[in-house]
Amino acid sequence: MKVIRVSDYTELSRKAADLIAAEIREKPDCVLGLATGSTPEGTYKQLVADYEAGKLDFSRVRTVNLDEYRGLPGSHPQSYRYFMDTHLFSHININKKNTFIPDGLAPEKEECEEYEKRILSLGGIDLQLLGLGRNGHIGFNEPGASFIMETHPVKLTSSTIQANARLFNDPEEVPGRAVTMGIGTIMSAGKILLIVNGEDKAEALRKALYGPVTPSCPASILQDHPALTVIADEEAFREIQACGS
Ligand code: GLP
């Protein structure tokens, strides 16, 4: 595990974008596993800036996203398809046909099987970007999730629904279900980049990096990945300093 400690969110975003840019330069048709949430927004902004400055070419890049809410069409402002289009895809020269996100409206079981097949047909994920849920979730793999699962439907925990409610006009609108890559899918990526900022993630980060590897903290399995890079800011490291790890 390589741990990069940064002072703030701006530095985190710059460093994460640099690692993704390096992957694209090394393998122009790479398969990037992408994430949503507030954490990667800055990273995507930096990638857009690099593209606009003529430093990056996304024309051959393929992407697969971690997850999607059930019941939201891609045109819904809180769907993850909409998020990816507005924060990244619409600002770069990627072929949208090469960007894959689970379809929140397709029949659940078939969609999961199709998505897993899709990832395999692309040749697997070269670099998977991950944020961290406050309860240690990755994608929408909530505490207790099996470490070997592939893409599957999930019922969201009330803590995740609450955490994500801030992004909806009406908290009642947050879907109770989602489709997510499983932890088995995530762990099969060639490289993983976990980005974490803010004090409210400090406990989850400590458990993820230095706690026991246990399904009660889904992100703890990342300790077993052979090519994990973690970029986190001082605030997220607060608990790790406190316990002297
Ligand atoms: C959501 C997403 C996760 C994301 C997490 C943290 O539940 N499914 O992929 O990592 O929230 O989000 P944020 O970065 O907004 O804290």
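The values are calculated or read from the model by the stated rules, or taken from the named source; none is laboratory data. Since we're looking at a predicted model, the values are computed, not measured. Glycine also receives a Cβ, built like all others from the backbone with ideal geometry; neighbour counts cover every protein chain displayed.
General remarks:
- For segment 164-175, a tally of residues being within 12 Å of the ligand (Cβ to nearest atom) and outside any loop (DSSP other than H, G, I, E, B) returns 2.
- Within segment 117-138, residues that are within 19 Å of L193 (Cβ to Cβ) and in contact (Cβ under 8 Å) with a residue 24 or more places away in the chain reach partners that are away from the ligand (no atom under 11 Å from the Cβ) and in a loop (DSSP other than H, G, I, E, B) with beta carbons closer than 6 Å, at six or more positions or on different chains, in the pairs I125/A189; D126/C30; D126/G190; Q128/A189; G136/C217.
- Flag for K97 being closer than 20 Å to T185 by Cβ and surrounded by fewer than 17 Cβ atoms within 10 Å (Cβ to Cβ): no
- F89 meets each of the listed conditions (1) over 24 Å from R166 (Cα atoms); (2) surrounded by 18 or more Cβ atoms within 10 Å (Cβ to Cβ); (3) away from the ligand (no atom under 15 Å from the Cβ) apart from (1).
- Segment 122-161 - residue that is under 17 Å from R206 (Cβ atoms) and not hydrophobic (A, V, I, L, M, F, W, C) and, of those, nearest to the ligand (Cβ to nearest atom): G131
- Residue in segment 169-179 that is of a type in the set (D, E, K, R) and either in contact with an Asp or Glu (Cβ under 9 Å, 6 or more places away or on another chain) or modelled with pLDDT of 95 or more (or both) present: yes
- Which listed residue, of T36, T63, is in a loop (DSSP other than H, G, I, E, B) and either in contact with an Asp or Glu (Cβ under 6 Å, 6 or more places away or on another chain) or within 16 Å of the ligand (Cβ to nearest atom) (or both): T36
- Condition check for A178: near the ligand (Cβ under 10 Å from one of its atoms), outside any loop (DSSP other than H, G, I, E, B), under 22 Å from Y80 (Cα atoms) and in contact with a Lys or Arg (Cβ under 8 Å, 6 or more places away or on another chain): yes
- Looking across segment 154-175 at every residue that is out of contact with any Lys or Arg (no Cβ under 9 Å at 6 or more places or on another chain) and charged (D, E, K, R), the one that is surrounded by the most Cβ atoms within 10 Å (Cβ to Cβ) is identified as E173.
- Index of the failed condition, Q241 passing every other in (1) more than 20 Å from I125 (Cβ to Cβ); (2) out of contact with any helix residue (DSSP H, G or I) (no Cβ under 8 Å at 6 or more places or on another chain); (3) at pLDDT 95 or above: (3)
- A count restricted to segment 39-60 and to residues that are part of a helix (DSSP H, G or I) and among the basic types (K, R) stands at 1.
- Annotation: of all residues in segment 66-86 being in contact with a Lys or Arg (Cβ under 9 Å, 6 or more places away or on another chain) and not in a loop (DSSP other than H, G, I, E, B), the one that is surrounded by the fewest Cβ atoms within 10 Å (Cβ to Cβ) is D85.
- Being out of contact with any Ser or Thr (no Cβ under 6 Å at 6 or more places or on another chain) and either within 16 Å of the ligand (Cβ to nearest atom) or free of Cβ contacts under 8 Å to residues at least 24 places away in the same chain (or both) holds for only one residue in E41, E11, and it is E41.
- Selection of first residues in segment 101-116 that are under 16 Å from G139 (Cβ atoms) and of second residues that are among the aromatic types (F, W, Y), restricted to Cβ pairs under 6 Å at least 6 apart or on distinct chains, gives the following pairs, ordered by first then second residue: I101/Y80; P102/Y115; G104/Y69.
- Evaluation of A204 against the conditions (1) modelled with pLDDT of 95 or more; (2) surrounded by fewer than 18 Cβ atoms within 10 Å (Cβ to Cβ) shows that the sole unmet condition is (2).
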